[in-house]
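One structure below.
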Amino acid sequence: MKSLIPTTLFLLLPYFTYGQAGRSMPVPRGVIIAHPSPSFILPIVYQLHDGTALLSNGDLLRGRFLYNRSQAFFFYQDGHSPGQRIYFRRLERLVLAAADTSVTPRLDSTVFLKVQNQFCRRLTIGKIGLYDQVYAVNENKGKVDEVLFTWGDDGKLKRLSTLEKANQWFYEICIQNHWPNPDVFLSKAEIIKRLAQLDPVP
């Protein structure tokens, strides 16, 4: 009799299993369901660019430059010399060959310069100065920084931290210079391109 009970349970086990197979089991509370991770963003691969740098001590460097993500550019005088790290604080002006023509009006070069102790990329070509802190030349197509810099009427550096502020600034600049300006909301790239047409002479 004792051996009959385990044998009966063993024979009935497949029927219990089959009966449960069609039912969806509730997810226990406290179980974390993993969501797929966001797509991987490829890092920017910075390239060597021919260029000329003016240092704060007056020295002029000619050779090839490579941005290295640590507030500095590497300078290579020729193909045989090791790279020399040139920090932003030592740079007054840096002009590199090539440009991101989708953002800046320059076709053959990109200009970086010190603007009140901030090392910036110049986005305009005329008398009106507009800058950001993107250090790519043509490696990050169409990129304009979140914050733009310009000179205020008081001679101090002015931060345009939102697109609304950038549009308001551009509207005021057009009024001051008697430039035509349709009353529309522009992107940063559109503001830069419009300035290149209105203010083409340095």
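The values are calculated or read from the model by the stated rules, or taken from the named source; none is laboratory data. Just so it is clear, the structure is predicted and the values come from calculations on it, not from any experiment. With ideal geometry, Cβ positions are generated from the backbone for all residues, glycine too; neighbour counts draw on all protein chains shown. What goes into the accessible areas is simple: the full protein's heavy atoms, side chains included, and nothing from ligands, DNA or RNA. Shrake-Rupley method; radii C 1.70, N 1.55, O 1.52, S 1.80 Å.
Could you tell me whether any residue of the range 89-101 is of a type in the set (Ser, Thr, Tyr), part of a loop (DSSP other than H, G, I, E, B), at negative phi and open to solvent by 70 Å² or more (accessible area, probe 1.4 Å)? Full working, then the answer.
Here is the first cut: in the range 89-101, the ones of a type in the set (Ser, Thr, Tyr) are 101.
Narrowing further to those that are part of a loop (DSSP other than H, G, I, E, B): 101.
Then keep just the ones that are at negative phi; that gives 101.
With the extra rule that they be open to solvent by 70 Å² or more (accessible area, probe 1.4 Å), the set shrinks to 101.
Taking every residue of the range 89-101 in turn, at least one turns out to be of a type in the set (Ser, Thr, Tyr), part of a loop (DSSP other than H, G, I, E, B), at negative phi and open to solvent by 70 Å² or more (accessible area, probe 1.4 Å).
Let's see how each residue does on (1) more than 20 Å from Lys143 (Cβ to Cβ); (2) in contact with a helix residue (DSSP H, G or I) (Cβ under 8 Å, 6 or more places away or on another chain); (3) of a type in the set (Asp, Glu):
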position: Leu55; (1), (2), (3): yes, yes, no
position: Leu60; (1), (2), (3): yes, no, no
position: Phe65; (1), (2), (3): no, no, no
position: Ser70; (1), (2), (3): no, no, no
position: Pro82; (1), (2), (3): yes, no, no
position: Leu91; (1), (2), (3): yes, no, no
position: Leu94; (1), (2), (3): no, no, no
position: Ala99; (1), (2), (3): no, no, no
position: Ser102; (1), (2), (3): no, yes, no
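Could you please find all residues in the range 106-121 being of a type in the set (A, V, I, L, M, F, W, C) and either touching a residue at least 24 places away in the same chain (Cβ under 8 Å) or under 14 Å from Phe73 (Cα atoms) (or both)?
Within the range 106-121, the subset of a type in the set (A, V, I, L, M, F, W, C) is 107, 111-113, 115, 119-120.
Of everything in the range 106-121, those that are of a type in the set (A, V, I, L, M, F, W, C) and either touching a residue at least 24 places away in the same chain (Cβ under 8 Å) or under 14 Å from Phe73 (Cα atoms) (or both) turn out to be Val111, Phe112, Leu113, Val115, Phe119, Cys120.
May I ask you to say which residue of Ser70, Ser81 is open to solvent by less than 40 Å² (accessible area, probe 1.4 Å), without any contact (Cβ under 8 Å) to a residue 60 or more places away in the chain, among the polar types (S, T, N, Q) and in a loop (DSSP other than H, G, I, E, B)?
Just a single option satisfies the conditions, and that option is Ser81.
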Residue hits (the range 143-198; part of a loop (DSSP other than H, G, I, E, B), of a type outside the set (Asp, Glu), open to solvent by 30 Å² or more (accessible area, probe 1.4 Å) and under 16 Å from Lys127 (Cβ atoms)) are Gly155, Asn177, His178, Trp179
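From Gln84, Gln116, Gln133, which residue is touching a Cys at 6+ places or on another chain (Cβ under 8 Å) and under 30 Å from Arg64 (Cα atoms)?
Details: Gln84 fails: touching a Cys at 6+ places or on another chain (Cβ under 8 Å); Gln116 fails: touching a Cys at 6+ places or on another chain (Cβ under 8 Å).
Among Gln84, Gln116, Gln133, only Gln133 is touching a Cys at 6+ places or on another chain (Cβ under 8 Å) and under 30 Å from Arg64 (Cα atoms).
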